[in-house]
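Working notes, beginning with the structure itself.
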Number of protein chains: 2
Amino acid sequence: MITSSSLAAWLTRFEAALAAPASTDWSQLFAEECYWRDLLAFTWDIVTLEGRDAIAAMARKQAGLIGASGFALDNPSLPMTDEAQGWFTFKTATARCRGHLQLRDGRAYVLLTAMVELIGHEEMGGSQRPRPDGIEHRAKKGRRTWLDEREEIGRTLGRSVQPYCLIVGGGQNGLMLAARLKRLSVPTLVIDALEKPGDGWRGRYRSLYLHDPVFLDHFPYLPFPEHWPLYTSKDKIADWMELYAKVMEIDFWGSTRCTAARYDEKAGEWSVTVTRNEETLTLRPKQLVLATGLSGAKQIPTIRGAEHFRGRQFHSSEHRSGAGLAGKRCVVIGSNNSAHDICVDLWEHDARVTMIQRSATIVVRADTMREFAKSIYYAQPGADTNLADLMGMTMPFRPRTTFEKGFTDHLRKVDADFYQRLEKSGFHLWHGEDETGFFMAYYRRAGGYYIDVGGSELIATGEIPVRRGEVAEIVADGLCMADGTFVPADVIVYATGYRPMNEWVGQLISPEVERKVGPCWGLGSGTECDAGPWEGELRNMWKPTAQEALWFQGGNLAQSRFHSLHLALQLKARMEGVPTPVYRPPSTRNAP
Amino acid sequence: MITSSSLAAWLTRFEAALAAPASTDWSQLFAEECYWRDLLAFTWDIVTLEGRDAIAAMARKQAGLIGASGFALDNPSLPMTDEAQGWFTFKTATARCRGHLQLRDGRAYVLLTAMVELIGHEEMGGSQRPRPDGIEHRAKKGRRTWLDEREEIGRTLGRSVQPYCLIVGGGQNGLMLAARLKRLSVPTLVIDALEKPGDGWRGRYRSLYLHDPVFLDHFPYLPFPEHWPLYTSKDKIADWMELYAKVMEIDFWGSTRCTAARYDEKAGEWSVTVTRNEETLTLRPKQLVLATGLSGAKQIPTIRGAEHFRGRQFHSSEHRSGAGLAGKRCVVIGSNNSAHDICVDLWEHDARVTMIQRSATIVVRADTMREFAKSIYYAQPGADTNLADLMGMTMPFRPRTTFEKGFTDHLRKVDADFYQRLEKSGFHLWHGEDETGFFMAYYRRAGGYYIDVGGSELIATGEIPVRRGEVAEIVADGLCMADGTFVPADVIVYATGYRPMNEWVGQLISPEVERKVGPCWGLGSGTECDAGPWEGELRNMWKPTAQEALWFQGGNLAQSRFHSLHLALQLKARMEGVPTPVYRPPSTRNAP
């Protein structure tokens, strides 16, 4: 078969090159335009190397340290397998890995390498169950039951026994990571300011449903059952999280606030102050993970006169439901997802709603996205979620940027009528400053868009009028716009987003560490809200940061599921003393 | 391929025979010794037809009503597929079915036919999700969220809205059936005397673990994650059940007692009196399922003088833990599973334990059973639980009886030393009156055995002395045995089992209905505790009973999972008005 032989031949040459990276002519292996995206396997980091020089530099530095071998083609019936691309497996000195190779004229265009599990430190599961021989089934004085052990952990963890890893934030991000660490036997404690897992969702506005379809949203190890609705209600996902934490035996402290954290270089551990109910405790974990989500503290713009407003004004996170607001003049400041959802909710409850749009907004139709989603591998019957997650990594962010321009063109054609009607209504529509649309806005700034689930129609028909521009001043009974017009209001909702994640580092640890670590999320694209230099991967997420033993876990459900594996592997390796030589390329490249 | 062609040829001839059952010579199709085991597909009942006459009689009566067609061999890579046996699929006028055929010299030895799903009334799942097009994602006045709907059902079900099906008993049996009915959109209410799902397990003695390994215990639709322990602690399974009920959106009333039920023939509905907390309500379901388990009310033997005992005496179901009983003389009456487990628990807490063995007991070693279990299909990586459940049905109870004698022989050889030591200690060991051992005892009487998880060793070494015989009288400080000896006691535990399920029918409905329905469970083997006539299937379980609209759901986790499908299909068919011509063969046969 020619298919596998050209891929196999490349892998053989590649393995030989790794054995002698300094004397290899890398231009024989990699195409002119080329990318090597690595998830821990070679770099113990999440990086994309762009171009032959960057690739050669990394290989020269890492190949000897990593000791990759045993490259072999994977099952040819997998998706994304044809004469020019395919999956493969290999090992390093410390881990089992898989990868994907895309050839162009016999040379690599994109190479993906990803760590899957540590050798000798595998997850529990299948043949490796806890107490595989049923040791509970023994008569023994002083025998302890599962409940005895869970209760003891409840009593001692965080007190006489310190967790190796402390996760601050018990939303889906924290829980998914904690579940993986549990399977890897890494002692972990999750703390959250709210009482129970899922309360973050329960407290949101009543009409909230996930915007991603179910097949993107699975949690590790316990996929949703097949009859799960396509879009999950916030309360149902909240219940799921509560159950998940229990089934996965996650050690979770609710009603616990983290107030300060300091890293003791000498002891190699954190000193973290937390307040649990009334009690203040100091935790001493070796590793600290912030999983508080992209959305940290509320962001409310300072608008002159706001204190004189006679009606109710609150941040979008405090909106519960439009019930009781029938007939009221409600002004929502903002035009992204939450703003739209709250406008719709208020309209459904017969409020008189106005949206204040301060800047242009990307809009994509959920219906269109759903049609698109049906064709992706995730949605296929019997899809392997782990593989699907890897498939999503086979296009690095630089070619992705170009791809998304094409996708925007496609959406503009498919939904031309929709976009035309929306713009006619006065709504300030755009597709991003470089026309890369919704997806790139998500990666660059985690905002700036609305996935339309009904709000745009109400805007197009004028049911929800939109006022463009900034608010100059708030007075007792309404808002004075910068253009001199007046918008009367009984209620003001600030759907103005959240402060960036890294500010939380400044508050919790120190401004120095905040500066050292730098921004989280974003690619360094040099576009609005995503200053350069170009990184080519999400900054600081799921990988080593400039602060030792400080990590960030976040993203949507799919990212959280996938990358929690990588973060868990890094933490486990450090706990077990597995060598983790981190390689980070200099970021001196131009943004795409 | 000869393999499939002989099987395929048989199926072709069989399909032709079904088209003209009266003029068919069934001896051409079925071997001299032959069985047709049917799960609803042809009989809307769970029956095994033994011999050609019984088979011909059923076929003549049912073939025309059922309209089976489209017989086709299934995937040849499935287990139990070779030149003489294989899986097949077919349809009836109302259902999709599958089956398994075992040939002997070209004629059928065992034919299994099983209904899988109703045509036009399929379960939700996969491509058929609730609200598949994400209708929640619409702006609509008065739109109701998932939570609104769940809350409304909570308010109205059992009050202004009557359930189609009422399940009495919210243990694993009730929950599994309710989950299936939910997926089939059959409005169902589960009631249980205890507060929360799982409380039945939580309340048992602290050291209790499931005796079946995890791969037998999966609940429908939501398999345990792969890292689940091989044997699950009672508290962990209790948590799982609580979560399962929530995830599956089962409508569950806890703290609810059912006090009376009467069937109104004319209205075609039940009138069921329940007390929920303080309130007494009348429910009017069309179908009533008793899922209170094989173990109904406690059975405590009447022993002369028991009222004079000065110590504590209680039924095994009230035993929590041996904690606090160190040094106490504890007498456990009984020698089955619970008796052994409680003896061990008491011993572990340094009590001075004596077991009173009133009758011979079958003992099998869990270690041996576990080795055996490792080889079964359930335990294989990636095993399909639905298929495994069907595989378990391919040996009807008559050949099974013979098979189990051989298995007993095997165990006696493998564990010869163990059995010898146990008998030497004075323990009254046997393997059933016809040497069919543990499995047949389970099917015939759901008791009479101990799966050894450590207790037998303590008995063999004399750590737990055994006294054989009946208790003649209880006095203030101990038990007088029938042989005249005395056993001093501070505590007496009655591990004497439970009253049979059908007594509950007498109490709840009427003695007439109890008589009409007859015993539940058991095969009619004519052995101790399982009076004839021979039924060849478990009596009254998961199938129509002599009382219209009254059903029994029970068994171990594996049976409950598998047969809840059959019970759910029968209930769904009746709700939808799908014809369900029940065929029950006359039970005039001799027991094996």
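Data for the structure
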| quantity | calculated |
| --- | --- |
| Meets criteria (under 27 Å from A:SER321 (Cα atoms), buried (at least 18 other Cβ atoms within 10 Å of the Cβ), hydrophobic (A, V, I, L, M, F, W, C) and modelled with pLDDT of 95 or more) for A:ILE509 | no |
| Given (1) open to solvent by less than 40 Å² (accessible area, probe 1.4 Å); (2) charged (D, E, K, R); (3) within 30 Å of A:LEU346 (Cα to Cα), number of the condition A:ARG202 does not satisfy | (1) |
| Odd one out for B:THR292, checked against (1) more than 30 Å from B:GLY169 (Cβ to Cβ); (2) surrounded by 18 or more Cβ atoms within 10 Å (Cβ to Cβ) | (1) |
| Any chance B:THR145 is open to solvent by less than 40 Å² (accessible area, probe 1.4 Å) and out of contact with any helix residue (DSSP H, G or I) (no Cβ under 7 Å at 6 or more places or on another chain) | yes |
| Filter result (at pLDDT below 95 and part of a loop (DSSP other than H, G, I, E, B)) within region A:304-318 | none |
| Residue that is nearest to the other protein chains (Cβ to nearest Cβ) [pool: residues in region A:131-151 that are modelled with pLDDT of 70 or more and not in a helix (DSSP H, G or I)] | A:ALA139 |
| Count of region B:366-382 residues which are within 13 Å of chain A (Cβ to nearest Cβ) and either open to solvent by less than 60 Å² (accessible area, probe 1.4 Å) or under 20 Å from B:GLY334 (Cβ atoms) (or both) | 7 |
| Selection count, region A:247-272, where residues are in a strand (DSSP E or B), of a type in the set (Ser, Thr, Tyr) and either within 14 Å of chain B (Cβ to nearest Cβ) or more than 17 Å from A:GLN162 (Cα to Cα) (or both) | 1 |
| Residue ranges of strands (runs of 3 or more DSSP E) in region A:1-116 with at least 3 members within 29 Å of the chain's Cα centre (by Cα) | A:30-39, A:46-50, A:85-91, A:95-104 |
| Some residue of region B:152-175 being within 28 Å of the chain's Cα centre (by Cα), within 14 Å of another protein chain (Cβ to nearest Cβ) and within 26 Å of B:GLY392 (Cβ to Cβ) | yes |
| Test: residue in region B:302-320 that is open to solvent by 30 Å² or more (accessible area, probe 1.4 Å), in contact (Cβ under 8 Å) with a residue 60 or more places away in the chain, closer than 29 Å to B:LEU557 by Cβ and within 14 Å of another protein chain (Cβ to nearest Cβ) | yes |
| Number of positions in region B:340-365 that are within 14 Å of another protein chain (Cβ to nearest Cβ) and either closer than 19 Å to B:GLU318 by Cβ or outside any strand (DSSP E or B) (or both) | 14 |
| Within region B:416-427, considering residues that are in contact with a strand residue (DSSP E or B) (Cβ under 8 Å, 6 or more places away or on another chain) and either open to solvent by less than 70 Å² (accessible area, probe 1.4 Å) or hydrophobic (A, V, I, L, M, F, W, C) (or both), the one farthest from B:GLY522 (Cα to Cα) | B:SER425 |
| Filtered residues of region B:388-399 (kept if crowded, with 18+ Cβ neighbours inside 10 Å and assigned to a helix (DSSP H, G or I)) | B:ALA388, B:ASP389, B:LEU390, B:MET391, B:PHE397, B:ARG398 |
| Selection within region A:337-358 - touching a strand residue (DSSP E or B) at 6+ places or on another chain (Cβ under 6 Å) and not β-branched (Val, Ile, Thr) | A:ASN337, A:ALA339, A:HIS340, A:CYS343, A:LEU346, A:TRP347, A:ALA351, A:ARG352, A:MET355, A:GLN357 |
| In region A:36-52, the residues that are over 10 Å from A:HIS566 (Cα atoms) and of a type outside the set (A, V, I, L, M) | A:TRP36, A:ARG37, A:ASP38, A:PHE42, A:THR43, A:THR48, A:GLU50, A:GLY51, A:ARG52 |
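Condition check ((1) of a type outside the set (Gly, Ala, Ser); (2) at pLDDT 95 or above) across all residues:
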| residue | (1), (2) |
| --- | --- |
| B:SER321 | no, no |
| B:ALA326 | no, yes |
| B:VAL332 | yes, yes |
| B:SER335 | no, yes |
| B:ALA351 | no, yes |
| B:MET369 | yes, no |
| B:ALA373 | no, no |
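The values are calculated or read from the model by the stated rules, or taken from the named source; none is laboratory data. Keep in mind that this is a model prediction, so the values were computed, not measured. Here the Cβ is made from the backbone with ideal geometry for all residues, glycine too, and neighbour counts use every protein chain on show. Quick note on the areas: whole protein, heavy atoms, side chains included, nothing else; ligands and nucleic acids left out. Shrake-Rupley method; radii C 1.70, N 1.55, O 1.52, S 1.80 Å.
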